[in-house]
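Everything on this sheet refers to the single structure shown next.
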Amino acid sequence: APSPLSPDQARALLARAREARAHAYAPYSDFPVGAALLAADGTVFTGCNVENASYGLCNCAERVAVGTAVAQGSRAFTAVAVVGPEDDMPCAPCGACRQVLYEFGPEMVVISPDDGATEAGYTATPLKALLPGAFDPSRLGRR
Ligand code: THU
């Protein structure tokens, strides 16, 4: 089951995602995104989207955060917070990022601002609910 994240932890992770968003390189979409990954040991790794003039080469904030974390030796995550251009608006991870997140945290929760829909100001959704029937790494090597 997804590890319970306290409201304070969730809000702190969202704050880190908003900070990371400040570094977004998104001149083509004008849609800056920030992501903050919580590692199992409590370390937070962040990412922002990094676009390219060859549009198909754009990198999402979530995958940049995963790459940053893995390159520093961290591979197990319990939560990710994602924020788009507006602080309080939800920004759902794209399908590709869901699969990449799943690789290193099938039990993680996705923290998203909820546009004031709840008292808490955010939602925590299990990644597995966002990616039912995920391709699981354990499927490999079964031949
Ligand atoms: N983007 C992200 O970085 N993460 C998301 O969750 C949604 C989309 C980026 C990709 C592109 O740079 C811009 O947002 C517009 O799609």
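The values are calculated or read from the model by the stated rules, or taken from the named source; none is laboratory data. The model shown is predicted, which means the values in this text are computed figures rather than measured ones. Backbone-built Cβ (ideal geometry, glycine too); neighbour counts: all protein chains shown. Accessible surface is based on the protein model in full, side chains and every heavy atom, while ligands, DNA and RNA are left aside. Shrake-Rupley method; radii C 1.70, N 1.55, O 1.52, S 1.80 Å.
Please report the antiparallel percentage of DSSP beta bridges with both residues in the chain, rounded to the nearest 5.
That works out to approximately 80 percent antiparallel.
Using the Cβ atoms and a cut-off under 9 Å, what net charge is assigned to the surroundings of P106, where Lys and Arg are +1 and Asp and Glu are -1?
Net charge in that neighbourhood comes out at -2.
Placing unit charges on C-beta atoms (Lys and Arg positive, Asp and Glu negative, everything else neutral), compute the dipole magnitude of the chain about its Cα centre in debye, rounded to 20.
720 debye
Output wanted: per-residue J couplings in Hz (rounded whole) for the stretch 64-73, from phi through Karplus 6.51 cos²θ - 1.76 cosθ + 1.60, θ = phi - 60°, x for Gly and Pro.
Taking θ as phi minus 60°, the curve returns 5, 5, 4, x, 4, 5, 4, 5, 9, x Hz for the stretch 64-73.
Counting heavy atoms of the protein chains only and a 1.4 Å probe, report the per residue accessible area for the stretch 7-98 as a whole number of Å².
49 Å²
If we count every other residue with Cβ under 13 angstrom of T46's Cβ, Lys/Arg +1 and Asp/Glu -1, where does the sum land?
After counting each charged neighbour, the total is +2.
Going by average Cβ neighbours within 10 Å, how do the peptides 71-82, 115-126, 23-34 rank, with the highest at the top?
71-82, 23-34, 115-126
First select every other residue whose beta carbon is under 12 angstrom from the beta carbon of P85; then total the charges, Lys and Arg +1, Asp and Glu -1.
Residues close to P85 contribute a combined charge of -2.
Report the semi-axes of the equivalent ellipsoid for the chain in whole Å, largest first, where each axis is √(5λ) for an eigenvalue λ of the Cα gyration tensor.
For the chain, the semi-axes come out at 22, 20, 14 Å.
Residue by residue through the stretch 24-40, which ³J(HN,Hα) values in whole Hz follow from phi under the Karplus form 6.51 cos²θ - 1.76 cosθ + 1.60 (θ = phi - 60°), with glycine and proline marked x?
Each residue's phi maps through the Karplus curve to give 4, 10, 9, x, 8, 8, 6, 10, x, 10, x, 9, 9, 9, 9, 7, 4 Hz.
If a paramagnetic tag sat 7 Å from the Cα of A120 along the Cα-Cβ line, which residues of the stretch 10-52 would have the backbone N under 13 Å from that point?
10-14
Using alpha carbon centroids, what distance separates the stretch 44-60 and the stretch 91-143, in Å?
Using only Cα atoms to place each centre, the spacing works out to 19 Å.
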